[in-house]
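Notes to accompany the following structure.
The values are calculated or read from the model by the stated rules, or taken from the named source; none is laboratory data. Given the structure is predicted, the values throughout are model-derived calculations rather than measurements. So basically every Cβ, Gly included, is an ideal-geometry build from the backbone, and we count neighbours across all protein chains shown. Protein only, heavy atoms only, side chains kept; ligands, DNA and RNA dropped before computing areas. Shrake-Rupley method; radii C 1.70, N 1.55, O 1.52, S 1.80 Å.
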Amino acid sequence: MPAGGKPPAGYLMEVCVPPIIELKDIYKIYPNGVMANKGVDFSVNAGEIHALVGENGAGKSTLMKIIYGMEKPTEGKVFVEGVERHFNSSRDAIDAGIGMVHQNFMLVPSFTVAENIVLGQEPTKNGLLKKRQAIDETLQISQQYGLRVDPEAIVDTINVGMRQRVEILKALYRGANILILDEPTAVLTPQETQELFSAIRKLVDQGKTVVFITHKLREVKEVSDRVTVMRKGKAIGTLPTEEATRESLARMMVGREVLMRVDKPPSERGRKVMEVQNLSYVDETGRRVLNNVSFNIYAGEILGIAGVEGNGQTELVEILTGLRPATSGDALVNGNPVLNKTPREVRMAKVSHIPEDRLTNGLALEASINENLIVDRYFRSPFRKGTSIDYKTVRDFGAQSIKEYGILTPDGDLPVASLSGGNMQKVIVAREFTSDPELLIAAQPTRGIDVGATEFVREQLVQKRTEGTAVLLVSADLGEVMSLSDRIIAVYEGEITGVFPDAESLGEEELGLYMLGIKKQPAEEMEVLL
Amino acid sequence: MSFDVVLRSIFSAAFLASVLRISTPLILPALGGLITDLSGAINIALEGIMLVSAFTGVIVSAYSGSVGLGVIAGVISGILISYVLGWFHLHMKTDIILAGIAINILATGGTIFLLFVLTGDKGNSQSLASGTVPNIHLPFIQDIPFIGRVISGQHVFVWIAFLLTWLVAVYLYRTPWGSHLRAVGENPDAAETMGINVNRTRMIALLISGFLASFGGLTMSMAYLSFFQREMTAGRGFIALAAVYLGGRKPWGTLAAAILFGFADALSHQLGSLRVPSQLVQTIPYVVTILALVIYNLREQAIKRDRQRKFYEQQQAEMGSGGGL
């Protein structure tokens with residue numbers, strides 16, 4: 001700590017060794033006026049695992065990008081190993097021994113693992129690539145750090161866990177001593193997460209320092225030595241992990257008490273709303289994405305799909321909502337076939353859809369909030385008047401939805417792009433919930449939105465289900481699937497590996513085994529439960 | 001009867017030699033198109049670059065009396081034009097398609113205007129004494145029957161085209177720069193975070209494509225013909241882009257596709273001797289381009305269907321054996 005600096009409460013004093021990374025009074029104002037960091041002090045000690053937590057938009061990623069040289073601070077100083085640094089690009093940060101694993105992987109899909117690892121720093125002889133050496137070096141660091149990869153595999157064909165190991169090796173290959181991991185567990189199964197954690201511990205044993213961004217408080221408790229909480233662009237405090245509880249961290253993150261559990265009245269299962277029979281899908285590359293998937297969804301229940309991303313969930317949702325043709329099979333909503341229909345025909349069958357990618361499929365960003373709210377019904381009364389749209393009705397409807405769903409905006413005529421992520425999602429939720437659906441397909445409904453908006457969306461989902469809507473929930477957040485669903489099906493590589501009628505009694509570890517295809521229920525047992 | 005004549009002439013050494021000659025101004029810009037396409041900044045200004053370099057080469061060689069200077073000036077002009085395109089796209093953030101269209105229009109109008117200013121003629125530069133590049137006669141090989149007549153005596157650009165195809169292949173797949181270029185095209189963020197400068201890489205790709213396309217333009221005015229003619233590239237810059245895709249975005253594939261289009265072009269010249277309306281015959285290269293792309297697409301779809309069919313059969317077999325879910 002600098003002399004005269006006032007340490008925040010709970011700050012762990014390290015007197016003798018300077019912190020390996022120290023940020024002082026960092027401000028970051030983006031050209032569009034967004035202030036992402038407001039006077040952040042942040043320090044990391046050599047050899048520790050430091051967790052950085054906070055809601056979306058709290059400024060965590062911006063802070064890490066500043067350390068990694070991707071962003072320049074508007075004000076403030078960056079010290080690495082006690083020396084002030086001015087990074088102009090990631091290159092400079094890499095040279096200073098800092099490596100970063102980004103949330104969305106930074107890999108070149110058509111390159112091999114080894115080619116990705118040496119990218120930008122290829123071994124050469126007379127200007128030509130030495131591919132053999134790249135492979136050997138990859139194998140060597142892979143063994144040194146216990147991060148198993150296949151150097152000659154094409155990245156496009158390897159699973160998420162290995163991709164992440166490739167990312168970590170990429171940083172280590174460049175001599176990183178400090179590793180920044182941006183939400184590394186978001187795409188992993190519980191087992192893969194455990195593997196990652198043991199790899200992180202091994203790295204620290206070998207003298208590396210790890211900064212680890214997450215919003216999963218349980219992981220903070222499990223793996224980190226110290227934790228820093230950020231809220232609204234400020235570092236609220238840093239404390240040793242053993243002194244923190246999940247509740248205290250949540251309170252620090254949000255600034256108020258947070259309901260960690262969703263209150264859910266018991267499910268009253270009604271009639272069968274959706275019936276999916278032997279659905280299969282082969283994609284353009286010939287990969288078998290869905291294989292003979294069958295299940296039913298009943299009125300008044302939430303059916304959750306648990307699976308690691310990329311096991312066919314995205315395609316399943318797109319097929320059921322008319323965005324993608326199926327290869328074979330059937331899907332009926334109230335007895336009406338919905339496969340290979342247009343999205344409008346599917347919607348006319350009283351199906352609503354919260355798409356997983358709200359920016360491309362969920363909203364027209366440059367269109368107004370009001371327009372986005374009626375985009376599925378502008379052609380019907382009361383929004384249609386003759387051949388044109390009755391904008392007065394549209395505005396009234398918009399104003400009502402904005403109020404009811406708590407969308408934070410001064411005016412419904414503003415473009416949706418002007419809203420924050422959480423409020424964008426509320427626009428989608430408002431549209432999909434007011435269309436009076438009998439089946440609601442919600443894909444990643446709370447991805448990338450903050451704790452407050454997440455709480456709201458989850459409550460709304462449960463309320464719809466209690467009112468008698470059938471809900472299909474697909475989420476990469478296992479906790480979300482487990483706390484909201486009445487019934488869970490686990491999927492692995494496009495097949496259903498298990499059905500669990502009582503979500504509450506199921507353990508996360510147990511479910512993880514089905515998500516990884518390690519366990520599989522016998523077909524007869526599943527048939528009864530589907 | 002007259003078809004016999006055509007058939008016989010198609011399999012003659014002279015015809016195959018002409019295929020090579022006619023393919024050259026397609027191969028060279030196609031290689032340029034390939035490099036920019038792989039870098040993620042597609043260059044649709046190949047046409048304009050070819051026109052400008054064809055024009056510059058003729059003018060400089062006519063006024064300096066030196067073919068070498070003409071070629072050098074033509075290449076520099078092509079690189080400069082692609083620098084302008086890169087500057088608008090990468091620094092001014094213009095849409096590269098719009099900037100490319102602007103350059104093509106400017107090149108068409110600009111070359112005619114300057115031609116008129118310099119020669120008083122809006123059609124061609126025949127009043128100027130511009131030079132042509134030499135033909136290469138291969139000793140010994142030219143004495144080999146048939147083959148000798150196909151490959152010996154070709155102008156130097158034919159050889160340059162094949163040499164550059166090889167160099168482009170080595171560059172893209174055997175050097176770190178090629179690896180960086182492909183990485184930038186596929187995942188610019190990945191490249192950026194590994195310290196590769198995305199804009200610089202794309203600019204280099206554009207400059208290389210300008211270099212390659214300008215050889216294509218020079219082939220037109222200083223080898224294929226010995227003067228500049230208005231709009232003489234006649235869409236070759238666009239056909240070159242089609243060759244990139246037909247060639248599976250690979251150097252040798254692109255070369256093969258460009259030769260296929262060259263073959264169609266040569267064929268239309270042969271058929272000109274028949275009593276077929278010349279307007280119809282002249283459409284052959286373009287029709288072949290469209291057909292080739294359609295066939296390419298149908299083949300892709302067939303491969304996809306084939307995979308799906310295999311999946312069905314496999315599934316049927318599994319069900320037959322009582323596997324089930």
Would you tally the residues in region B:143-201 being crowded, with 20+ Cβ neighbours inside 10 Å and of a type in the set (D, E, K, R)? 2
Where B:LEU225 falls short, out of the listed (1) at pLDDT 95 or above; (2) open to solvent by 40 Å² or more (accessible area, probe 1.4 Å): (1)
Somewhere in region A:218-235, is a residue open to solvent by 20 Å² or more (accessible area, probe 1.4 Å) and under 22 Å from A:ILE488 (Cβ atoms)? yes
Which strands (runs of 3 or more DSSP E) sit wholly inside region A:30-120 and have at least 1 residues that are within 14 Å of chain B (Cβ to nearest Cβ) and within 27 Å of A:ASP205 (Cβ to Cβ)? A:98-101
Restricting to region B:234-275, count the residues that are part of a helix (DSSP H, G or I) and among the charged types (D, E, K, R). 2
Where in region A:325-436 are there helices (runs of 4 or more DSSP H), lying fully within it, with 2 or more residues that are within 14 Å of another protein chain (Cβ to nearest Cβ)? none
Taking A:LYS77, is it buried (at least 16 other Cβ atoms within 10 Å of the Cβ), basic (Lys, Arg), in contact (Cβ under 8 Å) with a residue 24 or more places away in the chain and in contact with a Leu (Cβ under 8 Å, 6 or more places away or on another chain)? no
Look at A:ILE135 and say whether it is crowded, with 17+ Cβ neighbours inside 10 Å and either touching a Phe, Trp or Tyr at 6+ places or on another chain (Cβ under 8 Å) or touching a residue at least 24 places away in the same chain (Cβ under 8 Å) (or both). no
Determine, yes or no, whether A:ARG458 is outside the structural domain of A:GLU508 (by TED's automatic domain parsing), open to solvent by 30 Å² or more (accessible area, probe 1.4 Å) and either at pLDDT below 90 or assigned to a helix (DSSP H, G or I) (or both). yes
Which of the numbered conditions does A:THR393 fail, given that it passes all the others? Conditions: (1) modelled with pLDDT of 90 or more; (2) crowded, with 16+ Cβ neighbours inside 10 Å. (2)
Sort through A:GLY54, A:GLY39, A:GLY97, A:GLY69 and tell me the only one that's among the small types (Gly, Ala, Ser), under 29 Å from the mean Cα position of the chain (by Cα), open to solvent by less than 20 Å² (accessible area, probe 1.4 Å) and under 25 Å from A:MET252 (Cβ atoms). A:GLY54
Residues of region B:179-208 that turn out to be small (Gly, Ala, Ser), more than 12 Å from A:PHE111 (Cβ to Cβ) and more than 7 Å from chain A (Cβ to nearest Cβ), as a count: 1
Pick from region A:284-304, criterion part of a loop (DSSP other than H, G, I, E, B) and more than 9 Å from every other protein chain (Cβ to nearest Cβ), ranking: nearest to A:VAL333 (Cα to Cα): A:ALA299
Can you confirm whether region A:508-528 contains a residue that is over 24 Å from A:ARG218 (Cβ atoms), crowded, with 17+ Cβ neighbours inside 10 Å, within 14 Å of another protein chain (Cβ to nearest Cβ) and hydrophobic (A, V, I, L, M, F, W, C)? yes
Only residues that are open to solvent by 10 Å² or more (accessible area, probe 1.4 Å) and either modelled with pLDDT under 80 or of a type in the set (A, V, I, L, M) (or both): list them for region A:200-216, please. A:VAL204, A:HIS215, A:LYS216
